[in-house]
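A short write-up of the structure that comes next.
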Amino acid sequence: MSEQSRRPHRPAKPYRRPQKDPVRIIAFEALRAVDERDAYANLVLPPLLRKAREKGDFDARDAALATELVYGTLRRQGTYDAVIAACVDRPLREVDPPVLDVLSLGVHQLLGTRIPTHAAVSASVELARVVLGDGRAKFVNAVLRKVAQDDLDGWLEKVAPPYDKDPEDHLAVVHSHPRWVVSALWDSLGGGRAGIEDLLEADNERPEVTLVARPGRATTEELLREDAAVPGRWSPYAVRLTEGGEPGAVEAVRDGRAGVQDEGSQLVALALANAPVDGPDEKWLDGCAGPGGKAALLGALAAERGATLLASEKQPHRAGLVAKALHGNPGPYQVIAADGTRPPWRPGTFDRVLMDVPCTGLGALRRRPEARWRRRPEDLDNFAPLQRALLRTALDSVRVGGVVGYATCSPHLAETRAVVSDVLKQYPEAELIDARPLLADVPMLGEGPDVQLWPHLHGTDAMYLALIRRTG
């Protein structure tokens, strides 16, 4: 009898179909959209969740988990890439992107959540079987088992360079930001390790949803009747939804009487509206109005004073969003699609002008974590001429005695003080005015006269504001 014939017969294991987990499939689909189509998670995830709820057997807890998996994975992508790179035998660029997305989701469950190790691994392998096939699922299983051998702190000791040898690269790996972003934010803060670490940590925290009660249309008292609603910190029109509140469930938001708007954005509009002007106060301009949050607040404030708002936006589809946000405004307004660098209005027309210019968006990385991986230093060079041209338009558009607000959702010095300084050299008949008294209850606003808000200090996006009065 042969050796082979003496071996006991072992029947082959029956094939088991992979189990489809709707939560993790949705998370994977959202990550693929972000990667393949340069989509934004805050735009692609809600329709996926809504569709899953409509099918049934998908509740609020499922939606919360899917949201955490997507945003947590995107925020920590840099850290997780370093961990995965230490566990595979090839450069990450040679790992197929869909495989890398499944691995990143698995690593986030292992290192960034309280999901038990065995559940995180098995759920990720099942996801891989569904979306990648059995062969690549074995690769996912092998890599995640290596990752599971240590916790996040242990991995950071292995993959992050020591702080004293390379501070910026250490912070980039530990806090999951591109190195150039770490360097830029550090320069804007003015140095010190504690401040930059606090800021980077704040960028990786899930922000609360903040609502604005548009004056004359809704009140904070109405919004505070919602579940888990608390007053804003600084803006008298702000209400925060804690515990993951859903703004779409708020009647005033559905009606357009209130909106979703970060408190920093509200403060910029309020500061411009409250800045002292010499002479009449009848004509206001929002020169980069899309998608309409600041325009809606400015329009309501203008209506209270009998003033008129002109909201201008270059892109027609974004001008449509502005019109939607302003619909129902209690006073007169107009929305136009126009290029702010070649304005159709006459110089010196307006008493107040807001120019919230296009920028890198580095001040809103809490809300759009994928933006940190898309932006490049050369983007600054692309934005610089437009930002300067728009500020020049604003200064040309305001009358003598009127006020311009230059704003960006970026703290990068090349997009803030450098722009203002360069343009004011061409306008000796304009002067910076101190914006800090117009945000009187907000602490830690620096030496002025301009204002930089920070997530770690103010709980807002990192909005920048300079107020400029036309003097001649």
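A few comments on the model shown:
- Within the range 29-61, the residues that satisfy the criterion of being in contact (Cβ under 8 Å) with a residue 24 or more places away in the chain, open to solvent by less than 50 Å² (accessible area, probe 1.4 Å) and within 20 Å of the chain's Cα centre (by Cα) are A30, L31, R32, V34, A41, L45.
- Residue within the range 323-340 that is among the hydrophobic types (A, V, I, L, M, F, W, C), open to solvent by less than 10 Å² (accessible area, probe 1.4 Å) and within 20 Å of the chain's Cα centre (by Cα) present: no
- Residue within the range 344-364 that is touching a Gly at 6+ places or on another chain (Cβ under 6 Å), of a type in the set (G, A, S) and over 30 Å from V182 (Cβ atoms) present: no
- One residue alone among L395, L390, L424 is open to solvent by less than 10 Å² (accessible area, probe 1.4 Å) and either under 21 Å from P276 (Cα atoms) or free of Cβ contacts under 8 Å to residues at least 40 places away in the same chain (or both), and that residue is L395.
- Hits in the range 122-160 - residues which are in a loop (DSSP other than H, G, I, E, B), within 29 Å of the chain's Cα centre (by Cα) and exposed (fewer than 15 other Cβ atoms within 10 Å of the Cβ): D151
- Residues that are assigned to a loop (DSSP other than H, G, I, E, B), over 18 Å from the mean Cα position of the chain (by Cα), closer than 19 Å to S235 by Cα and not small (G, A, S), drawn from the range 415-461: D434, D441, V442, P443, M444, L445, D450
- Checking L144 against (1) more than 12 Å from V107 (Cβ to Cβ); (2) in contact (Cβ under 8 Å) with a residue 40 or more places away in the chain, the condition it does not meet: (1)
- Being in a loop (DSSP other than H, G, I, E, B), on the phi < 0 side of the Ramachandran plot and either open to solvent by 60 Å² or more (accessible area, probe 1.4 Å) or touching a residue at least 24 places away in the same chain (Cβ under 8 Å) (or both) is a property that G245 has.
The values are calculated or read from the model by the stated rules, or taken from the named source; none is laboratory data. This is a predicted model, so every value here is computed, not measured. Counting neighbours? That spans all protein chains shown, and the Cβs are built from the backbone with ideal geometry, glycine included. These accessible areas exclude ligands, DNA and RNA; they are computed on the full protein's heavy atoms, side chains included. Shrake-Rupley method; radii C 1.70, N 1.55, O 1.52, S 1.80 Å.
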